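**Student:** Okay, handing you the structure first.
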Amino acid sequence: MGRSWESPEGNLYCSTVVEIRSGDPAPSSLSFVTSLAVHDMLKRQLPADASIMLKWPNDILINQAKICGILLERILAKVVVGIGINIISAPRLPDRETIFLRAANDRNENDASQILDCLIPLFEMRLKQWRTSGLQAILRDWQAVAHEPGTSLYVSDHSGTKIRGEYIGLTDDGALRLRKADGTPIVLHAGDVEMDQRDAL
């Protein structure tokens, strides 16, 4: 999408490699595994009343502001899972709000290495669930902490074309299901998603 990537000192930037095995769900669905693991970690780092929400396909929001970025890259039978989490600072973006962990909880003094130590076993647990219980269990857990059905979303493709519709769930392989204003249901497998701010209030 032509965006720049920033990595100021003090935040967490990490990658891990997942080897795809026979019988594993689709490698692209590791984005759901990863976002759930980050969500699990944030639940342990933030107050109980913090608003943590997942946004399709792999954004993690605190109070409607983005705190984490996830990027998957497949190389033959391996997937490199890249995770960036704002811990002590957040980039200023023209098209979305951002937040960092210590702003969301000023009592949290964990540094990047401590957050990574917390994240690793949670990622391992979600990866095991993905392999043993299957993608549907992961998607069920993801939808339980994501934007609610009926939420208005704007989806932009690589050409910049925007499609607006109401979120009506996911397909069995994790694609986004929207209902357009005229009632037509559509399925999207990729795109950049924005929430309608009227629904975010």
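**Student:** I need a count of the residues in the range 55-79 that are among the acidic types (Asp, Glu) and either more than 17 Å from TRP142 (Cα to Cα) or over 12 Å from the mean Cα position of the chain (by Cα) (or both).
**Tutor:** At the first step, the residues of the range 55-79 found to be among the acidic types (Asp, Glu) are 59, 73.
Now narrow it down to the ones that are either more than 17 Å from TRP142 (Cα to Cα) or over 12 Å from the mean Cα position of the chain (by Cα) (or both): 73.
Residues in the range 55-79 being among the acidic types (Asp, Glu) and either more than 17 Å from TRP142 (Cα to Cα) or over 12 Å from the mean Cα position of the chain (by Cα) (or both): 1 in total.
**Student:** Pull up the range 136-152, narrow it to residues that are touching a residue at least 40 places away in the same chain (Cβ under 8 Å) and within 15 Å of the chain's Cα centre (by Cα), then point me to the one that is farthest from LEU122 (Cα to Cα).
**Tutor:** Here the residue is HIS147.
**Student:** May I pose another question? Just name the residue that is nearest to LEU188 (Cα to Cα) out of those in the range 30-62 that are at pLDDT 95 or above and of a type in the set (D, E, K, R).
**Tutor:** Out of the qualifying residues, it is ASP40.
**Student:** Only one of (1) modelled with pLDDT under 95; (2) surrounded by fewer than 19 Cβ atoms within 10 Å (Cβ to Cβ) fails for HIS147. Which number is that?
**Tutor:** Only one criterion is unmet by HIS147, namely (2).
**Student:** Having 2 or more residues that are assigned by TED's automatic domain parsing to the domain that holds GLY134 and touching an Asp or Glu at 6+ places or on another chain (Cβ under 8 Å) is the bar; report the strands (runs of 3 or more DSSP E) wholly within the range 1-87 that clear it. Let's see the steps before the verdict.
**Tutor:** On the way: elements: 12-19, 52-55, 59-62, 65-75, 78-85.
Per the criteria, 65-75, 78-85.
**Student:** Can I ask one more? All but one of (1) part of a strand (DSSP E or B); (2) more than 17 Å from the chain's Cα centre (by Cα); (3) at pLDDT 95 or above hold for VAL187; which doesn't?
**Tutor:** Among (1) part of a strand (DSSP E or B); (2) more than 17 Å from the chain's Cα centre (by Cα); (3) at pLDDT 95 or above, VAL187 violates only (3).
**Student:** Looking at ALA103, ALA137, which one is outside any strand (DSSP E or B), in the same structural domain as LYS55 (by TED's automatic domain parsing), small (Gly, Ala, Ser) and surrounded by 15 or more Cβ atoms within 10 Å (Cβ to Cβ)? Break it down into steps so the answer makes sense when it comes.
**Tutor:** On the way: ALA137 fails: surrounded by 15 or more Cβ atoms within 10 Å (Cβ to Cβ).
Residue meeting the stated conditions: ALA103.
**Student:** Now a separate question. Hey, any hits in the range 157-179 for a residue that's surrounded by fewer than 19 Cβ atoms within 10 Å (Cβ to Cβ), out of contact with any helix residue (DSSP H, G or I) (no Cβ under 9 Å at 6 or more places or on another chain) and in contact (Cβ under 8 Å) with a residue 40 or more places away in the chain?
**Tutor:** So far as the range 157-179 goes, yes, one or more of its residues are surrounded by fewer than 19 Cβ atoms within 10 Å (Cβ to Cβ), out of contact with any helix residue (DSSP H, G or I) (no Cβ under 9 Å at 6 or more places or on another chain) and in contact (Cβ under 8 Å) with a residue 40 or more places away in the chain.
**Student:** Can we say GLU109 is out of contact with any Ser or Thr (no Cβ under 6 Å at 6 or more places or on another chain), modelled with pLDDT of 95 or more and charged (D, E, K, R)?
**Tutor:** On the way: out of contact with any Ser or Thr (no Cβ under 6 Å at 6 or more places or on another chain): yes; modelled with pLDDT of 95 or more: no; charged (D, E, K, R): yes.
Criteria not met by GLU109.
**Student:** Now for a different question. Just need a number here: residues in the range 120-135 that are over 17 Å from the mean Cα position of the chain (by Cα) and under 16 Å from LEU170 (Cα atoms).
**Tutor:** Total satisfying the criteria: 1.
**Student:** Search the range 30-64 for residues being among the small types (Gly, Ala, Ser) and surrounded by 18 or more Cβ atoms within 10 Å (Cβ to Cβ), and hand back the single one that is nearest to GLU97 (Cα to Cα).
**Tutor:** In the first step, residues of the range 30-64 are kept if they are among the small types (Gly, Ala, Ser); the result is 31, 35, 37, 48, 50-51.
With the extra rule that they be surrounded by 18 or more Cβ atoms within 10 Å (Cβ to Cβ), the set shrinks to 31, 35, 37.
Numbers: SER31: 21, SER35: 18, ALA37: 22 Å.
Within the range 30-64, the match that is nearest to GLU97 (Cα to Cα) is SER35.
The values are calculated or read from the model by the stated rules, or taken from the named source; none is laboratory data. The shown structure was predicted, so the numbers you read here are calculated from the model rather than taken from an experiment. Neighbour counts are summed over all protein chains in view; Cβ atoms, including those assigned to glycine, are modelled from backbone coordinates with ideal geometry.
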